[in-house]
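These notes are about the structure you will find just below.
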Amino acid sequence: MSFGRILLHNIRRHRFSTILALISITLGVGLLTAVVSFREQSHRHFITEGIGVDAILGPKGSPLQIALNALYNLEEMPGKLKWSYYENVRKDPLVVDAIPFVTGHSYAGFRVNAIDDRFFTSFEYQSGKRFSFNLEAGGQGRLFKAREEAVAGWAVAKALGLHLGDTFNPVCGVHSGDPVHMHDRITFVGILAPTGTPYDRAIYIPLKTFYTLEGHGASVAAMATDPNQREISGAYLKLWHIRGGAMHPGVQNLKYEIDQSPEAQLVVPSEVVPRILDIIGWVDKVLFIVGILVTLLAIMFLFVVLITALREQRRELAMMRMLGANRRTVFGLIMSEAVFLSVVGTILGIAFGHSLVSLGSHYIAVETGMQFASNFVSSADIWVLPSITLMGAVAGLIPAVQAYRMSILRNLNITE
Amino acid sequence: MIEVRDLCLNYSTREETLRVINIPHWSVEKGEQIAIFGPSGSGKSTLLHILAGVLVPSSGRVVVCDEEVSTMSEAQRDRFRARRIGYVFQNFNLLQGYCALDNVLMGMTFCSVKPDRKLARLLLEHVGIGARLRHTPSEMSLGEQQRVAIARALAKKPEVVLADEPTGSLDPRNKAQVVDLLRSMCEEQGSTLILVSHEMDIIGQFEKQVRFSDINRTGEVEVMR
C-alpha cells in the first residue's frame with residue numbers, strides 16, 4: 001500500500017463531507033479569481049491600453065458624461081461644439097490628428113454615430129491597430145462613400161444579423177419612442193472586423209449625412225454647406241507623445257486653455273475613466289471580500305471535515321501505528337489530506353473562476369463591446385494556489401498534531 | 001530470541017503506585033511457541049505490548065531479536081515493530097473499508113520490504129480467504145476476519161508473532177482452526193509465537209505454557225511443564 005493509496009482511501013471514506021469542502025473551496029476561489037480577473041482586465045481595457053483616444057474635445061458639461069458618450073456609447077453629449085472651435089484646436093501643433101463626430105442617433109438599440117471617414121483610414125484604436133473590412137479578419141464590404149451608406153460595428157452586425165445591402169432608418173435620439181427619420185433609408189456597405197472595443201457596438205454614417213437627415217430643420221441643413229454654422233458633438237484627438245509614450249507636457253497648457261474657454265473642454269480619458277472604476281469599484285471590492293469570506297469559511301469547513309474524519313479514523317490510525325507506522329507518517333497523512341484537498345479545490349476554483357469570466361465576458365461584450373478573455377491570467381491565478389494551500393495546511397495542522405500525539409493503546413482499546 | 005530481566009511496569013495515580021508487571025527473568029528461544037495464561041487483569045496483554053515496543057517499561061531490560069527494546073526511542077520502536085513483530089488481536093483490528101488483500105498489504109507497508117501483492121494473495125489463499133480477496137471485514141464472518149488478521153501479521157515474515165486472545169471472539173470450531181493455522185504458519189516461517197489466552201483448551205495445545213499469575217507478580221513468572 002502506497003502512501004497515496006492510503007491517502008485516497010481515507011478521503012474516500014468521508015467523501016460526502018470532502019465533496020462539500022471541495023465545493024466550498026471551489027466557490028470561494030472561483031469568485032476570487034473571477035473578481036480579480038474582471039478587475040485587472042477592466043483596468044487593462046480602461047487605463048493601460050485605452051481605445052486609442054488621447055483626448056476628447058467636447059462641449060461644456062460633465063467630463064465623465066462626455067467620455068461615456070464618446071468612448072462607450074453610453075449617456076448623451078451635454079451639448080454641441082462649434083466647428084470653427086474644433087478647427088482651431090485641430091491646427092494646434094500638439095494635436096497630431098482630430099476626428100470630428102456627431103452622436104445622438106440610434107438604431108435597434110445601438111448608437112448611430114456620424115463620423116469623419118479618417119476614423120477608418122488613419123485612426124489607430126490600439127497601438128498599430130486600425131479598423132479593417134478584411135474578410136479574413138471577420139469584416140465585410142467597404143467604407144461608406146455616399147451619403148446614404150453606413151458601416152456597422154462587428155457586434156452590431158452580429159446582434160442584428162446584418163448583411164451587406166441591408167437598410168435602416170436612423171432614430172433621431174437614443175431613447176425608445178424617439179422619432180424615426182422615415183425618409184432617410186441608409187444601406188449597410190461595410191461591417192468592421194471585430195476589435196474587442198466599444199467601437200464594435202456602434203453604427204457609423206458619414207459626418208455630413210447627419211446634417212442632411214430629413215427633419216433636422218433648416219439650421220442643421222445649413223451646417224452641411226456652411227462650416228461657420230456647423231456644430232459637432234466632439235472630436236477624438238491624437239496628441240503629441242514624447243519618447244517613452246508619455247504625452248507632451250504642453251498638453252496640460254492646451255487643456256487649460258480649452259477648459260478656460262466658454263464653449264469647450266478637453267477630456268483626457270486616462271484621467272476621467274479611472275473615476276468610472278472608482279464609482280463601480282465598490283462592487284468588485286464587495287465581491288472580493290465575499291470571495292475571501294467564502295474561502296475562509298471553506299477552509300474552516302475543511303478543518304471541521306478533517307477533525308471529524310480524524311475522530312472516525314482514530315482506530316485505523318492507531319492500527320497503522322501498531323503495524324509500524326511512525327508518528328510522522330500519521331501526521332503526514334492528515335497534512336497531505338489537507339493540502340491535497342486545498343490544491344484540488346483551488347485548481348477547480350481557478351477553472352470555475354475562468355468559467356465565470358467566460359460567462360460574464362459574454363454579457364459584458366453585449367453591453368459594452370469590450371472583450372474579456374476567459375484565458376486571461378490574472379495575479380490571482382498566481383497567488384491563490386500557494387495562499388489557499390498554505391491556509392489548508394494551517395487548517396490541517398491541529399488535526400495532524402492530534403494524530404501525531406495519539407496514543408496507540410487508548411485508540412485501539414486493547415489495554416487489559 | 002526474547003529475554004526479559006528485572007522488568008517492572010508501574011501505573012502511578014495521585015494516591016498510589018500500582019505495579020502491573022514485575023518479572024525478574026524470563027526468556028524465550030527462537031522458534032518456540034508459548035501460551036501464556038492467567039486471569040483477566042493480570043498483565044498478560046501488557047507484557048505483549050512491552051515486547052512489541054508499544055509500551056515502555058518503568059525499569060528493566062527487554063531484548064527481542066537481539067535488540068534492546070527497553071532503551072529504544074519511540075521512532076526506533078516503531079521501526080522495530082514494523083520489521084520484527086506480527087500482532088494478532090482478539091478483536092482482529094482489521095482496517096474497515098479496506099478489503100482483505102489491502103489489509104494484508106497494509107501489514108507489509110511500514111516495514112522496509114516492498115509490499116508484495118503476490119505474497120499477500122498466497123497468504124490469503126493459505127488461510128482460506130482466496131475467494132474473498134476483495135471483501136471488506138464487514139462482509140466476512142468473525143472466523144474469516146481472524147484469518148485475514150493472521151495473514152496480515154505474518155505477511156512481513158516477522159521473527160516474533162504476538163497473539164493476544166486471538167480466539168476470544170470465535171466459536172469453538174473456528175477457535176481450533178485459527179490456532180492450528182497460527183501455529184502451523186509460524187512454524188513454516190520459523191517465527192516465535194507467544195499466544196495469550198485464558199482458555200485452557202487452547203493453552204493445552206501448546207507444549208510450553210506459562211502461568212502469568214498476579215499472585216506471583218513480585219517474584220517469578222511461573223513456568224509450567
(request) Scan the strands (runs of 3 or more DSSP E) fully inside region B:1-78 and keep the ones with 2 or more residues being among the acidic types (D, E). (result) B:2-12
(message) Could you check region B:95-112 and list, in sequence order, the residues that are open to solvent by 10 Å² or more (accessible area, probe 1.4 Å) and within 8 Å of chain A (Cβ to nearest Cβ)?
(response) B:Q96, B:G97, B:D102, B:T109, B:F110, B:C111
(request) Those residues that are open to solvent by less than 10 Å² (accessible area, probe 1.4 Å), in a loop (DSSP other than H, G, I, E, B) and more than 27 Å from A:K255 (Cβ to Cβ), I need them from region A:199-240; list them, please. (result) A:L213
(request) Among the numbered conditions (1) more than 14 Å from chain A (Cβ to nearest Cβ); (2) touching a residue at least 60 places away in the same chain (Cβ under 8 Å); (3) touching a Lys or Arg at 6+ places or on another chain (Cβ under 9 Å); (4) open to solvent by less than 10 Å² (accessible area, probe 1.4 Å), tell me where B:G190 comes up short. (result) (4)
(request) Could you tell me whether A:V267 is in contact (Cβ under 8 Å) with a residue 24 or more places away in the chain, crowded, with 23+ Cβ neighbours inside 10 Å and over 30 Å from B:Q96 (Cβ atoms)? (result) yes
(message) Which numbered condition in (1) in contact with a strand residue (DSSP E or B) (Cβ under 8 Å, 6 or more places away or on another chain); (2) open to solvent by less than 50 Å² (accessible area, probe 1.4 Å); (3) over 21 Å from B:E188 (Cα atoms) is the only one that B:S58 fails?
(response) (2)
(request) Identify the single condition in (1) in contact with a helix residue (DSSP H, G or I) (Cβ under 8 Å, 6 or more places away or on another chain); (2) at pLDDT below 90; (3) in a loop (DSSP other than H, G, I, E, B) that A:G177 does not satisfy, given that it satisfies every other one. (result) (1)
(request) Give the residue, chosen from A:M319, A:M300, A:M335, that is assigned to a helix (DSSP H, G or I), touching a residue at least 60 places away in the same chain (Cβ under 8 Å), open to solvent by 10 Å² or more (accessible area, probe 1.4 Å) and closer than 20 Å to A:M1 by Cβ. (result) A:M335
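Scan region B:114-130 for residues that are more than 9 Å from chain A (Cβ to nearest Cβ), open to solvent by 10 Å² or more (accessible area, probe 1.4 Å) and over 20 Å from the mean Cα position of the chain (by Cα) and jot them down. Break it down into steps so the answer makes sense when it comes.
Initially, region B:114-130 is screened for residues more than 9 Å from chain A (Cβ to nearest Cβ), giving B:114, B:116-130.
Applying the additional criterion that residues be open to solvent by 10 Å² or more (accessible area, probe 1.4 Å) yields B:114, B:116-119, B:121-123, B:125-126, B:128, B:130.
Of everything in region B:114-130, those that are more than 9 Å from chain A (Cβ to nearest Cβ), open to solvent by 10 Å² or more (accessible area, probe 1.4 Å) and over 20 Å from the mean Cα position of the chain (by Cα) turn out to be B:K114, B:D116, B:R117, B:K118, B:L119, B:R121, B:L122, B:E125, B:G128, B:G130.
With respect to A:K255, is the statement that it is among the basic types (K, R) and at pLDDT below 90 true? Before the answer, list the steps.
Details: among the basic types (K, R): yes; at pLDDT below 90: no.
It is false that A:K255 is among the basic types (K, R) and at pLDDT below 90.
How many residues does region A:243-267 hold that are part of a loop (DSSP other than H, G, I, E, B), within 25 Å of A:E231 (Cα to Cα) and of a type in the set (A, V, I, L, M, F, W, C)? Outline the logic, then answer.
Filtering region A:243-267 for residues part of a loop (DSSP other than H, G, I, E, B) gives A:243-246, A:248-249, A:261-264.
Filter once more, so that each one left must be within 25 Å of A:E231 (Cα to Cα): A:261-264.
Restricting the remaining residues to those that are of a type in the set (A, V, I, L, M, F, W, C) gives A:264.
Residues that pass the stated criteria total 1.
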(request) Looking only at region A:371-416, count how many residues are away from chain B (no Cβ under 14 Å), in a loop (DSSP other than H, G, I, E, B) and buried (at least 20 other Cβ atoms within 10 Å of the Cβ). (result) 2
(request) Scan region A:172-187 for residues that are over 29 Å from the mean Cα position of the chain (by Cα) and at negative phi and report the count. (result) 11
(message) Taking the condition of being under 19 Å from the mean Cα position of the chain (by Cα) and either within 15 Å of A:I408 (Cα to Cα) or within 8 Å of chain A (Cβ to nearest Cβ) (or both), how many residues in region B:75-84 meet it?
(response) 6
(message) B:Q90 - would you say it is open to solvent by 10 Å² or more (accessible area, probe 1.4 Å) and either in a helix (DSSP H, G or I) or at the interface with chain A (Cβ under 7 Å from one of its Cβ atoms) (or both)?
(response) no
(request) Inspect all residues belonging to region B:35-44 and state whether any of them is at the interface with chain A (Cβ under 8 Å from one of its Cβ atoms) and modelled with pLDDT of 90 or more. (result) no
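The values are calculated or read from the model by the stated rules, or taken from the named source; none is laboratory data. As the structure is a computational prediction, the values presented were derived from the model and not from experiment. Cβ sites come from the backbone with ideal geometry, for glycine too, and all protein chains shown count toward neighbours. Quick note on the areas: whole protein, heavy atoms, side chains included, nothing else; ligands and nucleic acids left out. Shrake-Rupley method; radii C 1.70, N 1.55, O 1.52, S 1.80 Å.
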